[in-house]
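J.: If you scroll down you'll find the structure; I have some questions about it.
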Amino acid sequence: MPEKDDEQSFSTDIINGLAISLRTAELHDSGNAAVITQLEKVVSLVNEAVSVTGTFRIDLIGGFFFENNARIKYPLKHHIHFEYLGTKFKERNLGAVIFREEIVLEDLKTFIDAFIAAGQSDTPFETLQDAVSALAALEVDTLKTGKQERSGTAQLRRVIKKTYFNAVSLSKGVMDKMKSREAVSVKKTRRMVQNLVDFLSEEEQFLLGMTAIKNYDEYTYHHSVNVSILSLALGQRLGLNKQELTELGIVAFFHDTGKVDLPSELLNKTSQFTDDEFAMMKKHSTFGVKALLNLKDLDPLVIRSAISAFEHHLNFDCSGYPRVQMPFALDIYSDIISVADRYDAMTSARVYRKKAIPPDVALGLLIRDRGSKISPVVLNFFIMMVGVFPIGTLVFLDSRELGLVCEGSNEYIDRPKVRIIVDGSGAKNNYLVDLSEKSPDGRFKKSVIKRLDPNQYDINLAEYLM
Amino acid sequence: MKQTHLISDFLQALISAKKMVKLYQKNNPMYGKAIDNLYAKVTDIFQQTGDILLQIEPRALLSGGEAVYSSQDQHDNFAFLFFKEGLRELTFRKEVTKEELDEFLNIVSRDEKELLDHDIVSLLWDRNFVNIRHTVDEGVFAEDDGYESKAVQQVLEQSTPQDQIMVAYRDALTAEDITPIEVIPPTESDFEDVRIQLERDTDIRLYKIINIIFELCWQAKDRDEQQQMVSIMNALVGYLVNNGHMENLLDLLKKVRISLEDEEIGDEIKESLKEVVRHAGSPDVIKSLGSSIDDRADMDEETLNEYAGYLETNAIGSFIELLGELKNYASRKMVIQVLTNIGQKDMKALLDGLSDRRWYLVRNLVLVIRQIGDTEAAYQLTARVRHADMRVRTEVIRTIGDLKITQALSFLEESLEAEEQQVRVAAVRSLGQLRTEEAKQILIQHIRGNRSFISKHYDEKKVFFEVLSLWKESDVADFFSEFLKFRFYFSRRKLNENMACAAFGLGRIGNSEYLPLLKKYERASDSLLRENVRIAIRSLGRERA
């Protein structure tokens, strides 16, 4: 084996080489000069590995690559190749490539051709296995996984989850910097929001599900991200274009930045606020304006953010706070953020309110204020988005099953997907039902007939949504 | 040719075009030519390579694992430019259009300052090219603080009490059935309303932020808070000026003025607001205004004057500075008008500007003083303007005359001796504008007592007679008639010029008593004399009629 600073960089090179060969071969074909050059490198690397370890195998387990049972670590710059190859392995239900002995270029070429062809097959792994079965030096093994979801979706969801938590970390970083009056990079926030916009078009319900998990310690930071996601989803329903959505997402992300100027003892107070404390709390809207306008050089984004920071607790009828001498119509971003903010705040447990309001009850409270405190048009779109039974609602079905709503339906606002936790026989269970499914006679198979407060029973939504 | 060589050629063409794009404005023919050349070249290359997929490494671009570009340069490195922003792959499809290449180059040519809150990736995302695709590693910007695993572990630790699930189930059996909630599906008109509101909010966001800032200003409890608001308002003033939002700027200043006149608003707030006004008139802000004025794209004279009308006297010095910087005649004219309007609030500031070394600025300031019509300041010009430039001195002399500064008689008299004819002529005309006996005598004495007068250029001499004729007095007419009777020993031509001027002057005075004298020269052999005599006779004839 050639001398390497890090033994594992050798495996990294093989993974990279395979990923690059595949990508190039997908564009051209395996006989292309560029592909051949790359394959020759991989052959050389594999053969050297085989010469040292005998059989050399690469496994994909739980989204990670392993070399002879040791997890292959890699620098960030190779992340894209690893992600790519991992996805392609999963799509083909391929869990391992095993090199029993030294290979020749033709072996690897056969493997690459078979790998690409398997992508078009209904039984990809079998197609691949058949094609390489004649090779003595190389064999493949199936993916060891119990997951029922499509691997592509699972992969995407993992990335979304990662992005969500990165966004929360970013929120913390931004607020810390604002507190210490350091310069804040809007660039990172923009990139984060652009990602969320992309994910919304593919996995809106999963992203909304991420906002429904509320029992984190860091409420303030999760709240900024949740309001941004809920606003984006709502904005998308309202027909905003990509650029407007990006702007809205950033504005929503910054809506509560005024809180950095509030005393932490006030933010963490566990009992009800006194009048003075509440008056101070209300100041975060105006603090936000000042903080944002001092954040950096003024530009349309900062100005829009400051407007919504000021307006997000003003009601549709211009009541609320801060009191203004000259009433004005709220910015539509503020209308959107206001709904997202109220919903997320109500459905979250707070230091001064240990139990959150159940999502369906929170929705009912928003509906109560439709037209007075809340823009009726925006709220109507919001209801269409979260559905009559928003994610996290504990529901009882006419099939006598008890479950948690885990995904809304784009087709029927009252027919979400439900994660059943107690089945019709009264036994604990864990499976998914889709309430939009119909019987052959055209009637819906199951419907919600009752709702309960999941917080009353300390049901941890994260266990069922993550 | 080998595939990698072709791709290298493609990249070189791209890099060369990038340099041109950075160098020239979009409307420059060189820019268009660079894009045309690039498109022609890449079309040719794409025919041989098909789509091009580039893997991006810190110092190199790879195609099929082979380096097609590499550079160790720290600053001008095409690979690192992409890599540092998290770009890991770029694919150019062979159907790429000229417009796409143009816009792509436009994105990658921007420097940090031009990118503002964007980066290459966010711009590529915004633009969403059909034939140029990119892949990004978002991990580059991730806050790698291990928060995900910590947070997930924390929420999952709070596991649901299993017995509670069964309690919930039992409760569900006896719970009340749901009551339906009212769902109002959005309509087409709701979408339309949202679109209208979006457009409206974009249009009025500046009005709104101004209102919000004023709300905060009125609510400010102490000096510190007011100072904070002053600093925000000042920043907003700068933003509005830099971006040509003059309408909003006027709105802001109008609100300031209303607040300053509002008796219910405290003095402290008023003091703060005055700071904003002073800032709006500061050299920095007025200088920023300059580019808008110079290209006149988003500035009209009325707006500029309205703006200036809200400012305090500190703006005068700022506008003087700007006047010295402006490139276009039309924009200088606008600022001259502004200074004419606001300059009288502080004439000293205008007079101080006269010490500037730039002749054109001083001349324009003299013009401003003339337009204001301040005679005291105008008189001071005689002492304060030391500029040697003829155009400046001429302007001062004109001002003295226009404003009839009789105290400046000796200044004008001295100016009759100036080296430049233009200055002397201006002095003559200004003396004429004074129309005093002293001024008349100065002119007569200058002609009579100055032996060299006869040798002056005909045009200059004629101005003397023309101006003197304004008095229309008999002593002037007698003085003129002497020239028609006078015999001279020198040049006949010079003598005829003087006679012609005198005849012309007599005609303008309009005293028909001199008609016979003039008629003597009606058929003079000198054409200049003959012509002027005839003009004078016709003029006297009209007078008599």
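Each value in this text was obtained by applying a stated rule to the coordinates, not by laboratory testing. Quick caveat: nothing in here was measured; it's all calculated off a predicted structure. When we count neighbours, we look across all protein chains shown, and the Cβ atoms used for this are built from the backbone with ideal geometry, even at glycine.
J.: Can you report the principal axis dimensions of segment B:84-127 using only the alpha carbons, biggest first, rounded to whole angstrom?
T.: Extents along the principal axes, in whole Å: 31, 21, 15.
J.: Charges only on Cβ, +1 for Lys and Arg, -1 for Asp and Glu: so what's the dipole of segment B:418-481 about the Cα centre, in debye to the nearest 20?
T.: Values: 10 positive and 10 negative charges, 20 e Å.
Rounded to the nearest 20 debye, it is 100 debye.
J.: Sort out for me the Cα centre separation of segment A:405-446 from segment B:413-489, rounded to whole Å.
T.: Answer, in whole Å: 111.
J.: Right, another one. Measure up A:LYS177/A:LYS214; A:LYS41/B:LYS19; B:LYS255/B:LYS345; A:LYS88/A:LYS188 against 27 Å on the Cα-Cα distance and list the ones that go over.
T.: Details: A:LYS177/A:LYS214 25 Å; A:LYS41/B:LYS19 36 Å; B:LYS255/B:LYS345 22 Å; A:LYS88/A:LYS188 29 Å.
Violating the 27 Å Cα-Cα cut-off are A:LYS41/B:LYS19; A:LYS88/A:LYS188.
J.: Each label point is 7 Å from the Cα along the Cα-to-Cβ direction; what then is the distance between the points at A:LYS177 and A:GLU26, in nm?
T.: 3.4 nm
J.: Whole number please: convex hull volume per residue of the Cα set in chain B, in Å³? Numbers along the way, then the final one.
T.: Details: hull volume 203.0 nm³, N = 545.
Per-residue hull volume (Cα only) is 372 Å³.
J.: In whole Å, what are the extents of segment B:358-442 along the principal axes defined by its C-alpha atoms, from largest to smallest?
T.: 36, 28, 17
J.: Express in whole angstrom the spacing between the alpha-carbon centres of segment B:384-402 and segment B:14-65.
T.: 59 Å
J.: Here's something else I'd like to know. Only Cα pairs under 8 Å and at least 6 apart count here; give the relative contact order of segment B:83-164 as a rounded whole percent. Could you put the intermediate results ahead of the total?
T.: On the way: 53 pairs, mean separation 39.0, N = 82.
Relative contact order here is 48 percent.
J.: Starting from the Kirkwood Rh over alpha-carbon pairs, what translational D in µm² s⁻¹ does segment B:242-323 have by Stokes-Einstein at 37 °C and 0.692 mPa s? Mind dumping the intermediate values first?
T.: Details: Rh = 13.2 Å.
Once the numbers are plugged in, D ends up at 250 µm²/s.
J.: Could you work out the relative contact order of chain B, using alpha carbon pairs under 8 angstrom and six or more residues apart, expressed as a whole percent? Working shown, then result.
T.: Numbers: 614 pairs, mean separation 30.3, N = 545.
Relative contact order, chain B: 6 percent.
J.: Among A:ILE98, B:GLN48, B:ALA503, whose Cα sits farthest toward the positive end of the charge dipole of the protein assembly as shown (+1 at Cβ of Lys/Arg, -1 at Cβ of Asp/Glu, about the Cα centre)?
T.: Farthest along the dipole direction, towards plus: B:ALA503.
J.: Identify the residues of segment A:363-396 with backbone N under 18 Å of a label point that sits 7 angstrom from the Cα of B:SER189 along the Cα-to-Cβ direction, or state none.
T.: Of the residues in segment A:363-396, A:371, A:375-381 have backbone N under 18 Å from the label point off B:SER189.
J.: For B:SER159 and B:ASP262, what does the FRET efficiency come to when R0 = 41 Å and r is the distance between their Cβ atoms, rounded to the nearest 0.05?
T.: For R0 = 41 Å, the calculated efficiency reads 0.05.
J.: Please work out whether segment A:177-230 counts as rounded, prolate or oblate from its C-alpha gyration tensor, where a ≥ b ≥ c are the square roots of the eigenvalues and a/c under 1.5 means rounded, while otherwise a/b larger than b/c means prolate and anything else oblate? Each step should come with its number before you reach the end.
T.: Working: a/c = 4.07, a/b = 1.34, b/c = 3.04.
The shape class here is oblate.
J.: From the phi of every residue in segment A:456-466, what ³J(HN,Hα) in whole Hz does the Karplus formula 6.51 cos²θ - 1.76 cosθ + 1.60 yield, where θ is phi - 60° and glycine or proline is x?
T.: 5, 10, 6, 6, 8, 4, 4, 4, 9, 9, 7
J.: May I pose another question? Can you give the extra length, in nm with one decimal, that the chain gains between B:GLN48 and B:GLN227 once fully stretched, where that is 0.36 nm per residue apart less the Cα-Cα distance? It would help to have the intermediate numbers written out before the result.
T.: Details: separation 179, 0.36 × 179 = 64.44 nm, distance 6.59 nm.
Gain in length upon complete extension: 57.9 nm.
J.: Evaluate the distance, in nm, between pseudo-label points positioned 7 Å from the Cα of B:GLU95 and of A:ASP198 along their respective Cα→Cβ axes.
T.: Placing both labels 7 Å beyond Cα along the Cβ direction yields 2.1 nm.
J.: Okay, moving on. Relative contact order for segment B:167-290: what is it in percent, counting Cα pairs under 8 Å that are at least 6 residues apart?
T.: Answer for segment B:167-290 is 25 percent.
J.: Taking a threshold of 18 Å on the Cα-Cα distance, which of the pairs A:LYS282/B:LYS270; A:LYS187/A:LYS296; A:LYS179/A:LYS355; B:LYS33/B:LYS98; B:LYS22/B:LYS113; A:LYS283/B:LYS221 fall above it?
T.: On the way: A:LYS282/B:LYS270 26 Å; A:LYS187/A:LYS296 12 Å; A:LYS179/A:LYS355 29 Å; B:LYS33/B:LYS98 12 Å; B:LYS22/B:LYS113 13 Å; A:LYS283/B:LYS221 13 Å.
Over 18 Å Cα-Cα: A:LYS282/B:LYS270; A:LYS179/A:LYS355.
J.: Same structure again: For segment B:352-501, what class follows from the C-alpha gyration tensor (a ≥ b ≥ c being the square roots of its eigenvalues): rounded when a/c is under 1.5, otherwise prolate if a/b is larger than b/c, else oblate?
T.: Taking the square roots of the gyration eigenvalues as a ≥ b ≥ c, segment B:352-501 is prolate.
J.: I'd like the trypsin sites (Lys or Arg not before Pro) in segment B:375-446 restricted to DSSP loop residues with at most 16 other Cβ atoms within 10 Å, sorted by number. Mind showing how you got there, number by number?
T.: Details: sites: B:ARG384, B:ARG386, B:ARG391, B:ARG393, B:ARG398, B:LYS404, B:ARG424, B:ARG429, B:ARG435, B:LYS440; in loops: B:ARG386, B:LYS404, B:ARG435.
The qualifying sites are B:ARG386, B:LYS404, B:ARG435.
J.: Using only alpha-carbon positions, what ratio does the radius of gyration of the protein assembly as shown give when scaled by 2.2 N^0.38 Å? Before the final figure, lay out each step's value.
T.: On the way: Rg = 42.2 Å, N = 1011, 2.2 N^0.38 = 30.5 Å.
Taking N as the residue count of the protein assembly as shown, the ratio is 1.38.
J.: Return the long-range amide H neighbours of B:LEU87 (sequence gap of 5 or more, or a different chain), with a cut-off of under 5 Å between placed amide H atoms.
T.: Residues meeting the amide H criterion: B:ASP137.
J.: Could you tell me which residue out of B:GLY32, B:SER455, A:ASN460 lies farthest along the dipole of the protein assembly as shown toward its positive end? Charges go on the beta carbon: Lys and Arg +1, Asp and Glu -1, centred on the Cα centre.
T.: B:SER455
J.: With each pseudo-label sitting 7 Å past Cα toward Cβ, what's the B:ARG493-A:GLN325 distance in nm, one decimal?
T.: Distance between the two pseudo-spin positions: 8.0 nm.
J.: Would chain A count as rounded, prolate or oblate if I go by the C-alpha gyration tensor, calling it rounded below 1.5 in a/c and otherwise prolate when a/b exceeds b/c, oblate otherwise? Intermediate results must be reported in sequence, preceding the final value.
T.: On the way: a/c = 2.52, a/b = 1.69, b/c = 1.49.
Since a/c reaches 1.5 and a/b is larger than b/c, the shape of chain A is classed as prolate.
J.: Okay, moving on. Given 4 °C and 1.567 mPa s, how large is the Stokes-Einstein diffusion coefficient of segment B:135-289 in µm²/s, with Rh as the Kirkwood radius over Cα pairs? Each step should come with its number before you reach the end.
T.: Details: Rh = 21.7 Å.
Stokes-Einstein gives a translational diffusion coefficient of 60 µm²/s.
J.: Using r as the Cβ-Cβ distance of B:ALA388 and B:GLN25, and R0 as 56 Å, what FRET efficiency do you calculate, to the nearest 0.05? Can you show the working numbers first?
T.: Details: r = 40 Å, r/R0 = 0.71.
E(calc), rounded to 0.05, equals 0.90.
J.: Give me the dipole magnitude in Debye, nearest 20, for the protein assembly as shown about the Cα centre, with unit charges on the beta carbon: positive for Lys and Arg, negative for Asp and Glu. Kindly include the intermediate steps, with their values, before the conclusion.
T.: Details: 129 positive and 155 negative charges, 974 e Å.
Using Cβ point charges on Lys, Arg, Asp and Glu, the protein assembly as shown gives about 4680 debye.
J.: Taking each residue in A:446-452, count the Cβ atoms of any other chain within 10 Å of its Cβ, then average. What number comes out? List each step's numbers first, then the result.
T.: On the way: counts 0, 1, 2, 5, 8, 6, 5.
So the per-residue partner count for this stretch is 4.
J.: Hey, if you put +1 on the Cβ of every Lys and Arg and -1 on every Asp and Glu Cβ in segment A:300-390, which of A:ALA349, A:SER319, A:ASN380 ends up farthest toward the positive end of that dipole?
T.: The one lying farthest along the dipole's positive direction is A:ALA349.
J.: Something else about it: Treat every Asp and Glu Cβ in segment B:54-147 as -1 and every Lys and Arg Cβ as +1, leave all other atoms uncharged, and give the resulting dipole magnitude about the Cα centre to the nearest 20 debye. Kindly include the intermediate steps, with their values, before the conclusion.
T.: On the way: 10 positive and 22 negative charges, 95 e Å.
Its charge dipole is roughly 460 debye.
J.: Turning to a different aspect of this structure: Can you work out the FRET efficiency for the pair B:LYS333 and B:PHE486, with r the C-beta to C-beta distance and R0 = 45 Å, to the nearest 0.05?
T.: 0.40
J.: Here is a further query. Give me the Å³ per residue figure for the convex hull around the C-alpha atoms of segment A:170-264. Let's see the in-between values first.
T.: Details: hull volume 8.4 nm³, N = 95.
Considering the Cα atoms of segment A:170-264, their hull volume per residue is 88 Å³.
J.: Okay, next question. Take peptides A:352-362, A:281-291, B:16-26 and line them up by average Cβ neighbours within 10 Å, highest first, as a rough protection proxy. Each step should come with its number before you reach the end.
T.: On the way: A:352-362: 17.5, A:281-291: 21.4, B:16-26: 15.7.
Highest-to-lowest ranking by the protection proxy: A:281-291, A:352-362, B:16-26.
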